[in-house]
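Participant: Shown below is the structure under consideration.
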Amino acid sequence: MSQAAVRVDPVDGRRDRRAFRLLPHRLYTNDPFWVAPPNMDMARFLHPKRKHAFYESGDIRWMLARKDDRVVGRIAAIENRAHNAHHGDRTGFFGFFEAENDPQVAKVLLDAAATWAADRGLKTLRGPTSPSLNYESGCLVDGDPGAPFLMMPHNPPWYAALIEASGFTKVMDLYAFLAHEDHHDIERWLRIGDKILKRNQVSLRPFDTGRFDEDVHLIIDVFNDAWSRNWGFVPLSERETAALAKELRPVFLPWLCSFLVRDGETVGVWMGLPDYNRVLLKLRGRLFPFGFLKLLRAKGRIDAMRVMLMGIRKEHQHRGLDAALYGDIIRANRSGIRSAECSWILETNTPMINTLERAGARRWRTYRIYDKPLTP
């Protein structure tokens, strides 16, 4: 008996958008570690009238794979104009990839994304990024079992093989490091951090909730400068920053953020968020009517965080200030945080990797980004 053909169609209409959003709920029904993204987050990406801030500088083609009229996979083909302008290249991306364990389904989906990208004159297809490296990125290829930390991806172990069987090869690994208070000499790192601050005539300033929007914009300003030379970096736009400030306000804890200040200028920053995935894991994407209340009530009781970003402005790098920031992250343990995931870190970022390992953090998960050249 011949195998049923797989077809790929663009997402069109409310029924398709719902099918795209709900497919992972079926694929991960027996996976105790899958964290469903909040339904409203996917709605902002998918709904034509709720344009996500990403669309300001990018386009997305949403697609569904069907076999015998049954949805068996999904993918998004992405043109990120901000990335291509920043790096001076013609790279397309794929993301939001989910599929049954079927090489035919994966190949048809990835081929459809490649065709869409090639038709736009793009030269390479890269992913998974959903939709860019500023959001969930990478295919989990190695690491300890368990639920992902906040805004980190999770996928079955066979996804890497499906992607590689479709002609993709590794271009970069992203590392996640886990730090726990039991593995730190906290007092030593506080002393190291204080010495570095004194030597560089730099002080730490806490996040000011009285100027919430201004401090969020300052975080992104430092981030855009500090990361501008990094592989794959895409600067966050003003609209994305404004959207981030709005989303952060109800869930942000000000003591999980500090600025480095020298002569009145902010030269570095780190920011973490409680690992809300510990709550989201149980909500399965449903924040309303009561899920959001559970999230808010839990935010002061969660004892783990994800360090979302850490950076030093370019002109102040290579002075050890990253270690001073890490010392302040360790100081956060005193506010009830016992463990932290620092993610993600480029595999080529040797100075940061060395700092984390010297401090007692261990590399515990690896996420892979793939490339495939496109044929016009």
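Participant: Taking 0.36 nm per residue of sequence separation and subtracting the Cα-Cα distance, how much length would be gained by fully extending the chain between residue 214 and residue 31, in nm to one decimal?
Facilitator: 61.8 nm
Participant: Can you show me the helix-derived [θ] at 222 nm for the chain, built from DSSP H runs with n ≥ 4 at -39,500 (n - 2.57) apiece and divided by the number of residues, rounded to the nearest 500.
Facilitator: -10000 deg cm²/dmol
Participant: With everything on Cα atoms, drop me the angle between helix 212-226 and the longest principal axis of the chain, reported from 0 to 90° to the nearest 10.
Facilitator: Long axis of 212-226 versus the principal axis of the chain: about 80 degrees.
Participant: Separate question: Region 59-136: which GluC sites (Glu not before Pro) are DSSP loop and have at most 16 other beta-carbon atoms within 10 angstrom?
Facilitator: Here no loop site has a sparse enough neighbourhood.
Participant: Check residue 374: other-chain or 5+ apart residues with amide H under 5 Å from its amide H, H built from backbone geometry?
Facilitator: 124, 125
Participant: How far is helix 321-331 tilted, in degrees, relative to the longest principal axis of the Cα atoms in the chain, given as a value from 0 to 90 rounded to the nearest 10?
Facilitator: In the chain, helix 321-331 runs at an angle near 90 degrees to the longest axis.
Participant: Taking a threshold of 27 Å on the Cα-Cα distance, which of the pairs 123/170; 195/314; 246/282; 51/372; 198/314; 246/372 fall above it?
Facilitator: 51/372; 246/372
Participant: Still on this model: Over all alpha-carbon pairs in the chain, figure out the percentage whose distance exceeds 31 Å.
Facilitator: So the pairs more than 31 Å apart make up 36 percent of the total in the chain.
Participant: Applying 1/(1 + (r/R0)^6) with R0 = 30 Å to the Cβ-Cβ distance of residue 201 and residue 181, what FRET efficiency is obtained, to the nearest 0.05?
Facilitator: The value I calculate is 0.50.
Participant: Another one. Calculated FRET efficiency, residue 262 and residue 348, Cβ-Cβ r, R0 22 Å, to nearest 0.05? List each step's numbers first, then the result.
Facilitator: Working: r = 27 Å, r/R0 = 1.25.
With R0 = 22 Å, the Cβ-Cβ based efficiency is 0.20.
Participant: Could you size up the charge dipole of region 179-367 around its Cα centre, putting +1 on the beta carbon of Lys and Arg and -1 on that of Asp and Glu, and report it in debye to the nearest 20?
Facilitator: Magnitude of the dipole: close to 680 debye.
Participant: Still on this model: Multiply the residue gap between residue 364 and residue 56 by 0.36 nm, knock off their C-alpha separation, and tell me the result in nm, one decimal place.
Facilitator: 107.4 nm
Participant: If you stretched the chain out fully between residue 238 and residue 142, how much longer would it get, using 0.36 nm times the residue separation minus the C-alpha to C-alpha distance? Don't skip to the end; give the middle numbers.
Facilitator: On the way: separation 96, 0.36 × 96 = 34.56 nm, distance 3.50 nm.
Contour length minus Cα-Cα distance gives 31.1 nm.
Participant: For a quick size check, give me the Cα extents of region 7-173 along its three principal axes, largest first, whole Å.
Facilitator: Rounded to whole Å, the extents work out to 42, 36, 32 Å.
Participant: Checking the cross-link filter: which aspartates and glutamates have an alpha carbon closer than 20 Å to that of residue 67, excluding same-chain neighbours under 8 positions apart?
Facilitator: Within the straight-line limit of under 20 Å, residue 67 reaches these aspartates and glutamates: 9, 12, 16, 98, 100, 102, 111.
Participant: Give me the one-decimal nm value for the distance between modelled label points at residue 191 and residue 161, 7 Å along each residue's Cα-to-Cβ direction.
Facilitator: Distance between the two pseudo-spin positions: 5.1 nm.
Only the coordinates and a few stated rules stand behind these numbers; no lab work does. Source: prediction; values computed, not measured. Because the Cβ atoms are built from the backbone with ideal geometry, glycine has one as well, and the counts that use them run over all protein chains shown.
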